[in-house]
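Beneath this line is the structure, given in structure tokens, with notes to follow.
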Amino acid sequence: MEREAALDRVESIIDAVDEGPMPVPVREVWVYGDVALGLDPIDRLDVYVTKDILMRGDDPDAADEFERSHGVKGIGRSVSAEWAREYPEHIRVNDNGYAAPEKCLAAHLLPDDEPIHLEVCNAPFDQNVKQRLKGALDRGAYEQVLDPRGVQLYGEGQRATETMAKLRGGDLPFPTLSGALEMLGVEDAEADDIVDAMESYREAQEGATVRGDVV
């Protein structure tokens, strides 16, 4: 994926978040990994969004309506009813038939045919990086580590215009992935093993992918 095309896609994602409506409120948009490092071209575009959880929903009465009309549970509770009425074609469900916020976000924000990975979590990027690293080390699931080299481009309704300009210019310095992991307390040899696992996992991914976390 050409770098300029990737960054244009990021801009379009931020436009969509800024203009709304969204399946769930989005507080932050980050990019991380290859695109943050200034590589051109990049194998995949990695985007991270911090979302809010609809604790009480925006329209609890919509649940019955959408379950009858679309066979989907949870609209108006876990996913915005306003959004679902405007974009019914982007409604996605989990294995239990409930509207899945992360899948709905991916369907709304990402073209299916572009090599983009979307991480969706209720926690900010830097907090989730540490949480994911701890869990991956505990389980030996190195491929699940989140690349800590991230750049925030949108937060609390504001665009980071200057940061985007620096990103387009390749002016943001970052260490190697193993170096970044070592800065988080990972031993040298284990950091190298993590990098290998992450690269192998990433190479196996195709098209648009999404992962949802709750911290």
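The values are calculated or read from the model by the stated rules, or taken from the named source; none is laboratory data. Note that the coordinates shown come from a computational prediction; the quantities given were computed from them, not determined experimentally. Heads up, the Cβs are rebuilt from the backbone with ideal geometry, glycines too, and the neighbour counts pull from every protein chain shown. These area figures cover heavy atoms from the full protein model, side chains too; ligands, DNA and RNA do not enter into them. Shrake-Rupley method; radii C 1.70, N 1.55, O 1.52, S 1.80 Å.
Only one residue in Ala36, Ala81, Ala106 is of a type outside the set (Phe, Trp, Tyr), under 28 Å from Met1 (Cβ atoms) and out of contact with any Gly (no Cβ under 7 Å at 6 or more places or on another chain). Which one? Steps first, answer last, please.
Values: Ala36 fails: out of contact with any Gly (no Cβ under 7 Å at 6 or more places or on another chain); Ala81 fails: under 28 Å from Met1 (Cβ atoms).
Unique residue meeting the criteria: Ala106.
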If you scan the range 177-211, which residues turn out to be without any contact (Cβ under 8 Å) to a residue 12 or more places away in the chain and not in a helix (DSSP H, G or I)?
Gly185, Glu187, Ala204
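Being within 28 Å of Val145 (Cβ to Cβ) and assigned to a loop (DSSP other than H, G, I, E, B) narrows it down to one of Leu7, Leu54, Leu39, so name that one.
Details: Leu7 fails: assigned to a loop (DSSP other than H, G, I, E, B); Leu54 fails: within 28 Å of Val145 (Cβ to Cβ).
Every option except Leu39 fails the conditions.
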Pick from the range 62-98 the residues that are part of a helix (DSSP H, G or I) and in contact (Cβ under 8 Å) with a residue 40 or more places away in the chain: which of them is farthest from Pro21 (Cα to Cα)?
His90
Counting only residues that are in contact with a strand residue (DSSP E or B) (Cβ under 7 Å, 6 or more places away or on another chain) and under 25 Å from Pro175 (Cβ atoms), the range 1-33 contains a total of 9
Residues of the range 112-131 being open to solvent by 30 Å² or more (accessible area, probe 1.4 Å) and either part of a loop (DSSP other than H, G, I, E, B) or of a type in the set (Val, Ile, Thr) (or both), in sequence order, are Asp112, Asp113, Glu114, Pro115, Asn122, Pro124
When the range 19-67 is checked residue by residue, the ones that are among the aromatic types (Phe, Trp, Tyr) and at pLDDT 95 or above are Trp30, Tyr32, Tyr48
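Given the criteria open to solvent by 30 Å² or more (accessible area, probe 1.4 Å), acidic (Asp, Glu) and touching a residue at least 40 places away in the same chain (Cβ under 8 Å), does Asp43 qualify? Give the steps one after another, and end with the answer.
Working: open to solvent by 30 Å² or more (accessible area, probe 1.4 Å): yes; acidic (Asp, Glu): yes; touching a residue at least 40 places away in the same chain (Cβ under 8 Å): yes.
The answer is yes for Asp43.
Which of the residues that make up the range 79-106 are surrounded by fewer than 20 Cβ atoms within 10 Å (Cβ to Cβ) and not basic (Lys, Arg)?
First, pick out the residues of the range 79-106 that are surrounded by fewer than 20 Cβ atoms within 10 Å (Cβ to Cβ): 82, 85-90, 92-98.
Answer for the range 79-106, where residues must be surrounded by fewer than 20 Cβ atoms within 10 Å (Cβ to Cβ) and not basic (Lys, Arg): Glu82, Glu86, Tyr87, Pro88, Glu89, His90, Val93, Asn94, Asp95, Asn96, Gly97, Tyr98.
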Can you find a residue in the range 147-156 that is of a type in the set (Ser, Thr, Tyr) and open to solvent by 20 Å² or more (accessible area, probe 1.4 Å)?
no
Only residues in the range 159-173 that are at negative phi and acidic (Asp, Glu) count as the first member; pair them with residues that are assigned to a helix (DSSP H, G or I) and open to solvent by 50 Å² or more (accessible area, probe 1.4 Å), Cβ under 9 angstrom, at least 6 apart or cross-chain, and list the lot.
Asp171/Ala165
